[in-house]
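Structure, as structure tokens:
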Amino acid sequence: MNRCERVAQNFSPSKAREAQEVLSRLVRRESVKGEVLYVGGIDVSYRGKLGIGVFVIMKYPTAEPLGCSYVAKEACVPYVPGLLAFREMEVAAPLVGAVLRSHRIDLLFVNGHGIAHPRRFGLATHVGLVFKTRTIGVARRRLVGTEVREGNRILLTHEGETVGARLGSFYVSPGWGVTLEEALEYTSTLTRKGLPEPLRLADRLGKALGAEAGNGGDCAWLMREL
DNA sequence: GCGACAG
DNA sequence: ATCTTGTCGC
């Protein structure tokens, strides 16, 4: 049995859920103040067992692309609904940590739910708490909750709590340090077509990089071609 | 037991 | 998410 198989064997969904319940009490729901000039977008795509994490940096609110870096490594933790963060963090955490240490990022868009999660601790919230950075969760599909129309918007309600909202073809939920209102404002401002720009670009770059098979590094060169 | 189920 | 051929529609 190789290292990756051992990691998979060791992964305990029940313990991971317990961890989420403990950590979710530490999440900052109130808004963190501070001007937003630089935003990031993080996305992980897969090619077989290889996970490709991409981090893009953009100017806010123009969505001008400023930088890109990526990592590629075997994804060992299996995907379990509600535990996506444990799978993606294995690939993306080192990348996010490295970029946040060397660049100013005021707000980070994450491909996955924030508090719109069974234990209010989706991927975006997990990333925000670990790195103490404002995050917004954006997901194409719903994990929990029911849609409730309220005026001109569609809210996502779960167990009596408003945990997010639908914006066009995707769902938005607060990750860490932002309110739902702020999340919707920042997200709609950066949305041109489909997903918000930081995630749309990270998504396309990940797929393009998948055909390259590099180990990681700077991808600004490729970014300039898309 | 059955259906739902981010990426 | 990814695998994966042909096929339906604008």
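Would you confirm, using the coordinates I've provided, whether residue A:112 is farther than 18 Å from residue A:70 by Cβ, open to solvent by less than 10 Å² (accessible area, probe 1.4 Å) and either modelled with pLDDT of 95 or more or within 13 Å of DNA strand B (Cβ to nearest atom) (or both)? Against the criterion (farther than 18 Å from residue A:70 by Cβ, open to solvent by less than 10 Å² (accessible area, probe 1.4 Å) and either modelled with pLDDT of 95 or more or within 13 Å of DNA strand B (Cβ to nearest atom) (or both)), residue A:112 does not qualify. If you filter region A:6-54 down to residues that are within 19 Å of residue A:93 (Cα to Cα), part of a strand (DSSP E or B) and away from DNA strand C (no atom under 16 Å from the Cβ), you find that the one that is farthest from the chain's Cα centre (by Cα) is A:39. Looking at region A:168-207 only, could you name the residues that are among the hydroxyl-bearing types (Ser, Thr, Tyr) and either within 13 Å of DNA strand B (Cβ to nearest atom) or free of Cβ contacts under 8 Å to residues at least 12 places away in the same chain (or both)? Passing the criteria: A:169, A:171, A:173. Listed conditions (1) in contact with a strand residue (DSSP E or B) (Cβ under 7 Å, 6 or more places away or on another chain); (2) of a type in the set (A, V, I, L, M); (3) under 21 Å from residue A:36 (Cβ atoms); (4) not in a loop (DSSP other than H, G, I, E, B) are all met by residue A:100, apart from (1). Within region A:59-70, being more than 15 Å from the chain's Cα centre (by Cα) and either within 15 Å of DNA strand B (Cβ to nearest atom) or within 16 Å of residue A:195 (Cα to Cα) (or both) holds for A:60, A:61, A:62, A:63, A:64, A:65.
Against the conditions (1) surrounded by fewer than 21 Cβ atoms within 10 Å (Cβ to Cβ); (2) closer than 26 Å to residue A:226 by Cα, residue A:88 satisfies every one except (1). Restricting A:41, A:53, A:48 to those that are among the small types (Gly, Ala, Ser) and surrounded by fewer than 18 Cβ atoms within 10 Å (Cβ to Cβ) reduces the list to A:48.
The values are calculated or read from the model by the stated rules, or taken from the named source; none is laboratory data. A quick note: this is a predicted structure, and the numbers were derived from the prediction, not measured. All Cβ positions, even for glycine, are placed from backbone atoms using ideal geometry, and neighbour counts span all protein chains on display. For accessibility, only protein heavy atoms count, side chains too; no ligands or nucleic acids. Shrake-Rupley method; radii C 1.70, N 1.55, O 1.52, S 1.80 Å.
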